[in-house]
Amino acid sequence: MAKETISFELFFSTVASEHRSFVQELNRKLIELGCEAVIKEAKSGYTVSYQYKKKTIMNWVFRKSGILARIYGDHAYRYEDTIAALPPEMQKRMTTSRDCKRYIDPAACSDMCVKGFVYTLNGITYKKCRNDGMFFPLTSESAEYISRLVCDEIAARQ
């Protein structure tokens with residue numbers, strides 16, 4: 001039995017009203033930049049994956065606390081100026097997230113793991129897991145920075 005295709009509108013209807021215009025605008029921008037949105041149902045709501053050249057660049061994920069952006073910053077070293085300009089709370093989430101096991105021990109993680117990402121902030125080099133190294137709650141303060149990080153990642157992949 002084929003899975004039902006979930007529309008953006010169905011996902012969008014579950015986004016908190018205070019975040020709708022941002023989510024809609026970022027969706028438009030990512031589609032214009034060549035991303036494809038893939039929407040699936042998950043335990044805590046929907047997940048929307050934006051794929052650029054068939055590789056996921058970001059997800060919207062629902063949690064009890066709200067909607068979060070997971071950005072796959074494979075090329076974070078190319079936009080360290082954007083990372084340095086993040087608010088302290090976002091920088092803290094990045095620097096305190098778990099380290100990439102494969103950078104520490106190549107046999108410590110699944111062979112399917114593509115490794116995390118590396119960046120330098122305040123003179124310290126970080127090697128973070130790609131699954132939570134850039135995992136931010138969507139707030140009125142974080143929105144513009146989430147957009148900037150995702151767009152910088154797309155630019156770095158071009």
- Message: No solvent, one uniform scatterer per C-alpha: report log10 I(q)/I(0) for the chain via the Debye equation at q = 0.09, 0.18, 0.19 1/Å, two decimals.
- Response: -0.29, -1.16, -1.28
- Taking only C-alpha pairs under 8 Å that are 6+ residues apart, what is the relative contact order of region 8-157 in percent? 23
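Which order results if 10, 86, 149 are arranged by neighbouring Cβ count within 10 Å, fewest first? Working shown, then result.
Working: 10 13, 86 20, 149 24.
The fewest-first ordering by Cβ neighbours comes to 10, 86, 149.
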- Put in order of increasing Cβ neighbours within 10 Å, starting from the fewest, 39, 104, 31, 71 give 104, 31, 39, 71
- Item | Given charges at beta-carbon only (K, R positive; D, E negative), |dipole| of region 8-157 in Debye | 460
- Acute angle (nearest 10 degrees) that the helix 20-32 long axis makes with the longest principal axis of the chain, alpha-carbon atoms: 70
- Residue by residue through region 56-67, which ³J(HN,Hα) values in whole Hz follow from phi under the Karplus form 6.51 cos²θ - 1.76 cosθ + 1.60 (θ = phi - 60°), with glycine and proline marked x? 5, 10, 7, 10, 9, 10, 9, 10, 4, 6, x, 8
- Message: As a quick test, which of the pairs 55/128; 53/101; 64/128; 54/101; 40/92 have an alpha carbon distance above 28 angstrom in this structure?
- Response: 40/92
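Once you list every other residue whose beta carbon is under 9 Å from the beta carbon of residue 147, what net charge do they have if Lys and Arg are +1 and Asp and Glu are -1?
Details: positive: 29, 148; negative: 25, 144.
That works out to 0.
Every number in this text was worked out from the coordinates using simple rules, so none of it is lab data. On a predicted model such as this, the values are computed, not experimentally measured, just so you know. Note: ideal-geometry Cβ built from the backbone for every residue, glycine included; neighbour counts use all protein chains shown.
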